[in-house]
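Derivation of every value follows stated rules applied to the coordinates shown; laboratory data play no part. From a predicted model like this one, the values you see are computed outputs, not experimental measurements. Using ideal geometry, Cβ is built from the backbone for each residue, glycine included, and neighbour counts are taken over all protein chains shown.
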Amino acid sequence: MRKVFFAVVLISSLLTTGCFFQQKEYSDTRFLMDTLIKITAYGENQEPLEAATTKAFKALQAVADVTDPYESHLEDDLYALNQKAGQGSVKVNPLLLNILTKTEAFHHKQINLALGKVIEVWQAHGKDKTVPTKEEIQTALSTAKPGAFTINEIDGTVTLAPKASLDLGAVAKGYGVETAALELKKHPEVEAALVNGGGNIKVIGTKKDGKPWRIGIQNPRDSKKLLGTLALTDNIAVATSGDYQRYYEVNGVRYHHIIDPVTGFPARGTISATAITTSAYVADYYSTLLFVLPVDEAMKLVENTKDLEAVIEDDQGKVYVSSGLKDKFTLAK
Amino acid sequence: MRKADYLLVLVLVVLAILGYGFFALRSNSTNKILIIKHDNTVVERIPLKGVTAETKLAINVQDGTLIVRYDKNGAWVEESPCPDKICQHQGKITKTGETVACVPEKVLLTIEEPQKEAEHDAILK
């Protein structure tokens, strides 16, 4: 009896001082893919957490390099491919081939990876705060028609039509975040981790205290406030597409960066779309798609797609929450 | 159990309470650290408790010089050569976990506090 008493006192003393079960946290933030990416890893020892995080960033950097449309990094990256439009089949980096193949497999006409030329037009006008003419957009859009590019998976090549240009903005960051998360998962020392790429987040594992991860969604019209909070468990990814991060205004009209592939103009009707699923890459794809689709159609798609949930705010300030989020989403007051 | 055992138990309990009190007190007082990063490396780590006056810090960046100002409560970007000035518009950060980033110039300001539990694990932007 006395021994039991002794043991209880000893263990509880150790617990109070925090010598036992102390979970360590390691985090690193880097500028990558035109944004800030923060990885936080939890585990028992600092060193393996640091090593795993460094490796995860390396994997992310590889995705960033092959998907960058503005700068050359490798011989077979996206930049090189765009330079060779109209020159027949081009051997591309396996990573790039994988992103293209996977995304094309979704077959949705509201996601078009060949909008490079249209995006170029908008970026040029964004610099001097002017609005492109319909003709300008039409000319650019004509390079993004079906058949603008074809993939040969077996040979590992892509053929771009003359003047066509690819842009992976809809999926690249999500793919990068997912790649980093997969790398972290390879390390058993990492008990839990959070990869935060701003608009793309992935959580793996459970926090030591057992509480769900709390992810806030920014209020699209007030950066100091939240739209709401998601409480999520293991292995979940979330992505938000909004009109409030990258945009410019002309005569009170907001021109943001999410282009409707049918009109070639910024998509209207929705101001924030958040997709929740298991893969950060798939979440990124759907957040862009849900933003572009009319909200009724978007919500219908969510309800009919397995493992996909969403929170959407339309331009009237109405918030739509999918049925599967009932206990997981709290609207901010 | 002998007398010495009781004594050992007593010592352990006292140590535990002292230790707990020490850590609890330490995290209650402001332990905020301002971290300034440029191009993925930490330029400065400033414990805000020790800041006595408003201080100016110039960082050489791609397009010129970026000016950061900080005091014992927080920090902000006063001037940036970047085209969009989003970082300047973000204003002053004072709370743990808040950040100001100038993406074009690769400068990041964050306030961190050891072992402080934030309300959210992350914010989707």
Relative compactness, chain A, computed as alpha-carbon Rg over 2.2 N^0.38 Å: 1.12
Karplus-derived 3J(HN,Hα), 6.51/-1.76/1.60, for each residue of the range A:202-215, Hz, glycine and proline x: 9, 10, 10, x, 10, 5, 4, 6, x, 6, x, 5, 9, 10
Which order results if A:LYS84, A:LYS224 are arranged by neighbouring Cβ count within 10 Å, fewest first? A:LYS224, A:LYS84
Cross-link candidates for A:LYS24: which lysines have Cα within less than 16 Å, leaving aside residues fewer than 8 places away along the same chain? A:LYS207, A:LYS208, B:LYS116
Classified through the alpha carbon gyration tensor (a ≥ b ≥ c as square roots of its eigenvalues; rounded if a/c is under 1.5, else prolate when a/b is larger than b/c, else oblate), the range A:74-160 comes out prolate
Counting other beta carbons within 10 Å of each Cβ, put A:ARG254, A:ARG30 in order, fewest first. A:ARG254, A:ARG30
Give me the orientation-averaged projected area of the Cα convex hull of the range A:263-308, in nm², one decimal. 3.3
Dipole magnitude (debye, nearest 20) for the protein assembly as shown, charges at Cβ of Lys, Arg, Asp, Glu: 1520
Footprinting proxy, A:ASP128, A:ASP28, B:ASP39, A:ASP76: sorted fewest to most Cβ within 10 Å, the residues are A:ASP128, B:ASP39, A:ASP28, A:ASP76
Would you kindly calculate the mean projected area, averaged across all directions, of the convex hull enclosing the Cα atoms of the range A:99-226, in square nanometres? 12.1
Over the range A:219-303, what is the relative contact order in whole percent, taking alpha-carbon pairs under 8 Å and six or more residues apart? 30
Which order do the peptides A:86-98, A:291-303 come out in when sorted by mean C-beta neighbours inside 10 angstrom, highest first? A:291-303, A:86-98
Can I get the semi-axes of the range B:31-112's equivalent ellipsoid? Compute them from the C-alpha gyration tensor as square roots of 5 times the eigenvalues, in angstrom, largest first. 20, 12, 12
Taking a cut-off of 20 Å between Cα atoms, list the lysines near B:LYS3, but don't count ones fewer than 8 places away on the same chain. A:LYS3
When Lys and Arg each count +1 and Asp and Glu each count -1, what net charge do the other residues less than 10 Å away from A:ASN45, Cβ to Cβ, add up to? -3
Average Cα contact separation per residue, chain A, under 8 Å, 6 or more apart, as relative contact order %: 15
Which whole-number percent gives the relative contact order of the range B:31-112, counting Cα pairs below 8 Å spaced six or more residues apart? 30
Partnerless cysteines, meaning none of the other Cys C-beta atoms lie under 4.7 Å away, in chain B: B:CYS82
Just tell me which lysines come within less than 19 Å, Cα to Cα, of A:LYS326; anything on the same chain fewer than 8 places away is out. A:LYS211, A:LYS300, A:LYS306, A:LYS318
When you look at the Cβ of every residue in A:209-220, what mean number of other chain Cβ atoms sits within 10 Å? 3
Formal net charge of residues neighbouring A:ALA56 (Cβ-Cβ distance under 12 Å; K, R +1; D, E -1): +3
Proximal charge balance of B:ILE36 [Cβ under 11 Å; K/R count +1, D/E count -1]: +1
